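Q: What follows is a structure written as structure tokens; I'll ask about it next.
Coordinate-derived values only; no laboratory data. Owing to the predicted nature of the structure, the values given are computational and were not obtained by experimental measurement. Every residue, glycine among them, receives a Cβ derived from its backbone with ideal geometry; neighbour counts consider all protein chains shown.
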Amino acid sequence: MKSILHAARRTPVPQWTCNACRGIGDATTTFRPKNAARLTTAEQLRQAGPARTRFAPSPTGYLHLGSLRTALFNFMIAKATGGQFLLRIEDTDQKRTVKDAEERLYKDLEWAGIEWDEGPNIGGPYGPYKQSQRTTLYKEHADHLLETGNAYRCFCSARELDTRARYRAGLGLPPDYDRKCAHIPKEESDDRAAKGDAHVIRLFVRDRYPAFDDIVYGTVRPRTMIKSKAYEGSFDDPILLKSDGFPTYHLANVVDDHLMNITHVIRGAEWMSSTPKHVALYQAFGWSPPRFAHVGLLVDKDRQKLSKRLESMSMKELRDANGVFPETLTNFVALLGWSHNIRSDVLSMQDLIENASMKFTKGDTVVSLEKLWFLQKRHAARYASLQPPKPINPSHDLEELAVKPIMRSLDRQFLRAPHRFSFYRTLPEGSARLDFVRLLLWADALNYTSPDDFILRHVYFFAQPTSVALLSNSYRLVLYQLPPEANNTLPTSKFLPMFQTIYDLSEQDWSKPELKARIANIVDNGIAETLEELKKTNKDLYGSKIDSTVHKSWGNLVHGYIRWATMVGKPGPGGADTMAILGRTESLRRLKVAEDILQRSSD
Ligand code: GLU
């Protein structure tokens, strides 16, 4: 009776042909593709030809920033090269499977605009795309490795393994496997298996784990290259098939990537330590591995692992609770560990695909949510400028993305605290309120982040400013940066009547352009008057730089006053926009309240 170890020794070491390097190596050869281009520019990537990539999540949790980024990078590369992007569900760990994870995953990817060409619910030429439906295939492949002496059955019980691992750990040795079962003669092993003796199948790893060439990290050498010599009697022979007949991640992942013709594996750096095992498996099968690109981990500002809160930020939370747009999120995660040569960081999905490359950053990437909100504002402004009649993609439509969520949030808040909506409640329910929100959003899209923030930012569009609020944020009628004589000529009694032109505007003519023209007129009159005054009193200044200072000061004064009167000075759209949105009655009412306060304080 010969042991499988002997059999393995007798069996010629499998030869494997690497299509990429066209070389022949044995199980100890470093895998290095001949065309090891880093693919760091969009041109290089395209020249390399169509890529078949995949996203292979385990349904043990929901999509989060890190996994979305992995999916997106794979999607971008496939689309940029005219290749295919596959979705494969790695559900071999049934115990850890979360019930609705798979359903949510489909929804979340679709929402993000990441569409797969082949996958569980649409099928494809290499299906099924769920690993739990491919178990026979893995078993056949594990058996093949048994036959070729590249694997062996291990009958050790979990308890036995644990006892031995503890003992080894006590000696300061790695708790790996001692290969006890590799010495069981093949016939005996077959016999015991036929009798139903519980066992796993392990890969018989030769002396060295191969180094591999990574697109991001270059040549990666496993830390313990020569296992048997470095740690006598300790072998890292990974389990391929578990005792329940289910494959482990290593076996299923390699078999599927090969059978599904995957050309590039882009995944998180947390999988990098598994890759030598995978390359060893490819070699044991005699297959040529795909190219690997490992992308760094996501960390917080203190370079710590992402906080639980950030890490677990599910798509649902980002989308439903924070109102993040799909393209904001894909833009945001794309920038986490990928660099590009484009001038702006604000990139639509189309831009991402057009500029895709494998210029991934080595090392960890810091996640800061400030960038997310910056991008959200830019995308909101971009969508606001894509006015109909241009056909609008629903996932780029502010109506769906922002107006509806704002209305929902308003309804909720209104119910809770109606007093905070003293103006909004005066608008007739229905389309008038909707139009009001719509106008406001379009006027200030460049500052839109989320529904709640929108309502808070524009609090005085919803509530009438109280005199108390106006008084506690008092407004000073001062022409800043001008000599005192310019201000001497600016009494309240002269300033306030200048606004008569606004009062004179009829309901019919109450519009942004008309208001804009009248406000500009007020500013011009003020400038003329001040320049005239300065000419009389301070001849030296007239005609010098003072001219532009007067322009600026009057601009600030008039616009500042309108902002104070209508919005208690809070930032938001410009004065003409604000008054157009509030309407004539409300705007004039607010101007009047402000006027009374100014007048009273100047008495
Ligand atoms: N199923 C693994 C995961 O959950 C796949 C890792 C890989 O891409 O190889 O991320």
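Q: What angle do you read, to the nearest 10 degrees and between 0 and 90, between the alpha-carbon axis of helix 249-259 and the longest principal axis of the chain?
A: Roughly 90 degrees, rounded to the nearest 10.
Q: Mind pulling the angle between the C-alpha long axis of helix 584-602 and the longest principal axis of the chain? Nearest 10 degrees, somewhere in 0 to 90.
A: 70 degrees
Q: What are the residues whose amide H is under 5 Å from the amide H of residue 298, where those residues sit 5 or more places off or on another chain and H is modelled from the backbone?
A: 365
Q: For the stretch 394-517, what ratio Rg/Rh do Cα atoms give with a Kirkwood hydrodynamic radius?
A: 1.06
Q: Fewest Cβ neighbours within 10 Å first, please rank 301, 377 accordingly.
A: Going from sparsest to densest Cβ surroundings: 301, 377.
Q: What FRET efficiency comes out for residue 161 versus residue 41 if R0 is 41 angstrom and r is the Cβ-Cβ distance? Round to the nearest 0.05.
A: Efficiency, from the Cβ-Cβ distance: 0.25.
Q: While we're here: Place a label point 7 angstrom from the Cα of residue 117 along the Cα-to-Cβ direction, then list the residues of the stretch 56-90 whose backbone nitrogen is under 12 Å away.
A: Flagged as within label range: 75-87.
Q: Whole-Å semi-axes of the stretch 328-487's equivalent ellipsoid, largest first, each the root of 5 times a Cα gyration tensor eigenvalue?
A: With the √(5λ) rule applied to the stretch 328-487, the semi-axes are 36, 25, 16 Å.
Q: Averaged across orientations, what area in nm² does the convex hull of the alpha carbons in the chain project?
A: 37.6 nm²
Q: Okay, next question. Just to check I understand the Karplus step: with θ = phi - 60° and J = 6.51 cos²θ - 1.76 cosθ + 1.60, what whole-Hz values come out for the stretch 473-478, glycine and proline as x?
A: Running phi through 6.51 cos²θ - 1.76 cosθ + 1.60 with θ = phi - 60° gives 10, 3, 10, 9, 7, 9 Hz.
Q: Using θ = phi - 60° and the Karplus curve 6.51 cos²θ - 1.76 cosθ + 1.60, what whole-Hz ³J(HN,Hα) does each residue of the stretch 522-527 get, with Gly and Pro shown as x?
A: In residue order, the calculated couplings are 4, 4, 4, 4, x, 4 Hz.
Q: Amide H of residue 129 versus every other amide H placed in the peptide plane: which residues, excluding those fewer than 5 positions away on the same chain, fall under 5 Å?
A: For residue 129, whose amide H was placed from the backbone, there are no distant partners under 5 Å.
Q: What list do you get for 110, 586 if you sort them by fewest beta carbons within 10 Å?
A: 110, 586
Q: Moving on. May I ask you to sort 530, 365 by Cβ crowding, counting other Cβ atoms within 10 Å and putting the fewest first?
A: Lowest to highest Cβ neighbour count: 365, 530.
Q: Could you give the angle, 0 to 90 degrees to the nearest 10, between helix 369-385's Cα long axis and the longest principal axis of the Cα atoms of the chain?
A: The answer is roughly 60 degrees.
Q: Convert each backbone phi in the stretch 169-183 into a coupling constant with the Karplus relation 6.51 cos²θ - 1.76 cosθ + 1.60 (shift: θ = phi - 60°), then list the ³J(HN,Hα) values in order as whole Hz, x for Gly and Pro.
A: 4, x, 7, x, 9, x, x, 4, 7, 8, 6, 3, 7, 5, 8
Q: Hey, another quick one. Between residue 426 and residue 408, how many nm apart are label points set 7 Å from Cα along the C-beta direction?
A: My value for the distance between the label points is 3.0 nm.
Q: Now, a different point. Under the rule of at least 5 residues apart or a separate chain, name every residue whose amide H is placed under 5 Å from the amide H of residue 54.
A: Distant-sequence amide H within range of residue 54: 86, 266.
Q: Okay, moving on. Return the subset of 99/277; 95/242; 107/316 for which the Cα-Cα distance in this structure is over 19 Å, preserving the input order.
A: 99/277
Q: Let me ask something additional. Taking 0.36 nm per residue of separation and subtracting the Cα-Cα distance, what length does fully extending residue 192 through residue 302 add?
A: The residue 192-residue 302 span can extend by a further 34.2 nm.
Q: Separate question: Could you work out the equivalent-ellipsoid semi-axes for the stretch 482-575, taking the square root of 5 times each eigenvalue of the Cα gyration tensor, largest first, in whole Å?
A: 27, 14, 12
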